[in-house]
Amino acid sequence: MLTRFAPSPTGPLHLGHAYSAVMVWTLAADLGGAALLRIEDTDSTRCRPEYEAAIYDDLHWLGLHWPDPVRRQSDHRAEYDATLDALAGRGLLYPCSCSRSAIKAAGAKPGWDGLVYPGTCRARPMTEARPGDALRLNMARALQQAGPLPEFTETGPLFSGKIAVQNSDLISQIGDPVLRRKQTGDPAYHLACCHDDALQGITHVVRGADLWRATFLHVLLQALMGWQTPIYHHHDLVRDEAGQRLAKIVKSRAIAAYRAEGFGPKDLLGLIGLA
Ligand code: GLU
């Protein structure tokens, strides 16, 4: 059994991260497995080295340990580009130059993760890609190529069981997702995350329920690329000792702010009902 904690260094870790990290290491211990730390720093406009340094520091302070070396996604861009090339070679990607306002103006409807792309650029061939274009996955074609999608196993408290992925949901609720971001050319989270879960042999993914819907897209990407689908465990969002959902202001407060006030790791875990 191998799991991972995969934060993005786009800001300081907060109570929600502490909760998630402890869930990851607890499940690994319960199942006699191990947990890796992975730094998901593909978003070159938002990730900062000082946030990455603070991740190591806060997690060590919480008493969590992981094997070296830690995989930093920004060191592996060529691998994600190779995956994009493979998908493009199968006719599954197209370049897109639409701005957010153009997407809105084209009458896009809200889906699971923001507006569902209305397909404006879908007919553009890759040979017409311009510098700065995003690359999108042609969902309908991807579903055709992938064939019947496997059910995935979910062991979390919210949606336990064998979960079927409906093609119609992928079309209507996700649409054609961006797999390479515009301007920077950074690989999208979904692509880098699934690539690395497969590469690192992750058998169990433990993460917050906010990523539940992303899993449906991840199962498709895994099927397309021939990657193993891990077992998923989406934990509920952080609660206090009394089982109440923490107010956003509390749960989004930095671990560093509590440390500066003299909290110890036990005090902090007590605050989120885990001590
Ligand atoms: N990097 C993602 C985040 O910080 C988490 C990815 C995952 O656990 O799948 O939200």
- Item | Flag for residue 220 being at pLDDT 95 or above, over 11 Å from the mean Cα position of the chain (by Cα), in a helix (DSSP H, G or I) and surrounded by 17 or more Cβ atoms within 10 Å (Cβ to Cβ) | yes
- Item | Within region 177-234, tally of residues that are of a type in the set (Asp, Glu) and out of contact with any Lys or Arg (no Cβ under 9 Å at 6 or more places or on another chain) | 1
- Message: Where the second residue is among the β-branched types (Val, Ile, Thr) and the first is without any contact (Cβ under 8 Å) to a residue 40 or more places away in the chain and lies in region 65-80, which pairs have Cβ atoms under 7 Å and are six or more apart or on separate chains?
- Response: 70/39; 72/39; 74/42
- Applying the selection to region 207-217, what residues are within 9 Å of the ligand (Cβ to nearest atom) and not in a helix (DSSP H, G or I)? 207, 208
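Provide a single number: the residues in region 169-194 that are among the acidic types (Asp, Glu), out of contact with any Phe, Trp or Tyr (no Cβ under 6 Å at 6 or more places or on another chain) and outside any helix (DSSP H, G or I).
Final tally of qualifying residues: 1.
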- Message: The conditions are (1) under 20 Å from the mean Cα position of the chain (by Cα); (2) away from the ligand (no atom under 16 Å from the Cβ); (3) under 30 Å from residue 145 (Cα atoms), and residue 94 fails exactly one of them. Which is it?
- Response: (1)
- Within region 189-206, the count of residues that are within 12 Å of the ligand (Cβ to nearest atom) and either at positive phi or of a type in the set (Asp, Glu) (or both) comes to 2
- Considering residues of region 14-39 that are small (Gly, Ala, Ser) and closer than 18 Å to residue 204 by Cβ only, the residue farthest from the ligand (Cβ to nearest atom): 32
- Taking residue 275 and the conditions (1) surrounded by 17 or more Cβ atoms within 10 Å (Cβ to Cβ); (2) part of a loop (DSSP other than H, G, I, E, B), which numbered condition does it fall short on, given that it satisfies the others? (1)
- Given the conditions (1) within 16 Å of the ligand (Cβ to nearest atom); (2) touching a helix residue (DSSP H, G or I) at 6+ places or on another chain (Cβ under 8 Å), which single one is not true for residue 120? (1)
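Quick one: how many residues across region 197-206 are over 15 Å from residue 232 (Cα atoms) and either within 11 Å of the chain's Cα centre (by Cα) or not in a helix (DSSP H, G or I) (or both)?
1
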- Among the residues of region 155-177, the number that are surrounded by 18 or more Cβ atoms within 10 Å (Cβ to Cβ) and of a type outside the set (Gly, Ala, Ser) is 5
- Out of (1) surrounded by 15 or more Cβ atoms within 10 Å (Cβ to Cβ); (2) assigned to a loop (DSSP other than H, G, I, E, B), what's the single condition that is false for residue 142? (2)
- Check region 40-55 and report whether any residue there is away from the ligand (no atom under 16 Å from the Cβ), of a type in the set (Asp, Glu) and surrounded by 14 or more Cβ atoms within 10 Å (Cβ to Cβ). no
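The values are calculated or read from the model by the stated rules, or taken from the named source; none is laboratory data. Bear in mind the structure is a predicted one, so any value in this text is a computation, not a measurement. Reconstructed Cβ throughout: ideal geometry from the backbone, glycine too, with neighbour counts over all protein chains shown.
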